[in-house]
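All of the numbers you see were taken from the coordinates with simple rules; none came from a lab. What you see is a predicted model, and the numbers here were worked out from it, not measured in a lab. Note that we place each Cβ from the backbone using ideal geometry, even for glycine, and neighbour counts take in every protein chain shown.
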Amino acid sequence: MKKIVIALDGHSSCGKSTTAKQVAAELGYAYIDTGAMYRAVTLYFLDHHISLTNPKEVSDALKNIDITFHYNPKTGRNETYLNGLNVEDEIRKMYISNQVSEVSVVAAVRHAMVAQQQKMGKRRGVVMDGRDIGTAVFPDAEVKIFMTADVDTRARRRQQELLVKNQLVNLDEIRENLKKRDHIDSTRAESPLRRAEDADLLDTSHMTIDEQVEFVMHKVASKL
Ligand code: C5P
């Protein structure tokens with residue numbers, strides 16, 4: 001059967017990754033969480049005290065960063081590895097969420113990540129979620145969906161996700177972080193977060209995950 005690229009872009013914490021994972025599982029496609037890649041770069045930059053305003057430091061650091069995903073049968077999920085080390089839990093912490101958008105503004109970082117994502121999806125048969133998949137990484141994706149939801153709903157969902165990981169974070173702090181990231185992500189010069197002209201808009205504020213998956217699968221069916 002024909003293999004396609006499914007691009008799910010949108011604001012932070014509106015259900016992109018949960019939807020993407022389920023769609024990928026239903027289709028037997030690979031799921032690529034591009035946000036995890038920017039989070040892993042952020043972790044590396046913080047650990048190595050890389051200055052974002054020093055182009056040489058940034059480009060040298062990028063040469064030393066190897067990001068891969070490996071399936072963990074114990075957790076049943078694809079987990080993120082940075083230079084061979086499992087960083088899946090670390091990159092979800094608030095101190096990374098608080099820095100990741102500043103790191104993601106840097107053009108050299110974006111060029112390196114976009115190139116790697118294009119390689120990963122070269123054979124198609126992928127579901128990618130992020131901010132610039134339908135606009136910059138795969139402008140030719142067969143299915144493009146731009147997801148959003150009201151900020152309070154997103155903050156509550158994010159708080160629940162963190163709670164499951166034993167991280168108790170104040171709702172206001174989460175809401176401010178989401179708003180700040182959305183602002184930086186949509187106003188940066190290099191591949192900003194925006195809806196591609198040919199992307200379908202999906203507001204998940206009042207939708208269940210099953211309904212979101214169904215919406216995407218319906219679009220997919222029309223392209224296969
Ligand atoms: O998807 P997630 O919320 O984990 O992404 C974390 C951050 O990574 C985003 O807020 C954004 O700054 C950056 N990002 C990006 N481009 C992508 C995916 C994520 O700039 N394709």
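Just order 13-24, 119-130 by mean Cβ neighbour count inside 10 Å, highest at the front, would you?
Sorting 13-24, 119-130 by mean packing, highest first, produces 13-24, 119-130.
In whole Hz and in residue order, list the ³J(HN,Hα) couplings for region 106-121 that follow from phi through the Karplus curve 6.51 cos²θ - 1.76 cosθ + 1.60, θ = phi - 60°; x for Gly and Pro.
Ordered by residue, 3J(HN,Hα) equals 5, 4, 5, 5, 4, 4, 5, 5, 4, 4, 5, 5, 5, 5, 4, x Hz.
Could you tally the net charge around residue 43, taking each other residue with its Cβ under 12 Å from the Cβ of residue 43, Lys/Arg +1 and Asp/Glu -1?
Result for the local shell: -1.
Show the residues, 5+ positions off or on another chain, whose built amide H is closer than 5 Å to the amide H of residue 77.
Result for residue 77 returns 72.
Placing unit charges on C-beta atoms (Lys and Arg positive, Asp and Glu negative, everything else neutral), compute the dipole magnitude of the chain about its Cα centre in debye, rounded to 20.
I would put it at about 440 debye.
Residue 194: net charge of surrounding residues, Cβ under 11 Å, Lys/Arg +1, Asp/Glu -1, itself excluded?
Value of the local net charge: -1.
What does the chain give for Rg and for Dmax, in Å, if only its C-alpha atoms count?
Rg and Dmax of the chain, Cα atoms, are 16.6, 48 Å.
Give a residue-ordered list of calculated ³J(HN,Hα) values for region 184-192 (Karplus: 6.51 cos²θ - 1.76 cosθ + 1.60, θ = phi - 60°; whole Hz; x for Gly, Pro).
Each residue of region 184-192 in turn: 4, 4, 8, 10, 5, 6, 8, 5, x Hz.
How do 132-143, 150-161 rank on mean C-beta neighbours within 10 Å, highest first?
Packing proxy ranking, top to bottom: 132-143, 150-161.
What is the spin-label model distance, in nm, from residue 53 to residue 115 if the labels are put 7 Å beyond Cα along the C-beta direction?
2.6 nm
Could you give log10 I(q)/I(0) at q = 0.13, 0.24, 0.25 Å⁻¹ for region 51-120, computed by the Debye formula over C-alpha point scatterers of equal weight, without solvent?
Scattering profile of region 51-120, log10 relative to I(0): -0.44, -1.28, -1.32.
Taking 25 Å as the cut-off for C-alpha to C-alpha distance, list the pairs among 16/119; 16/56; 2/74; 74/144 that go past it.
Pairs exceeding 25 Å: 16/56; 2/74; 74/144.
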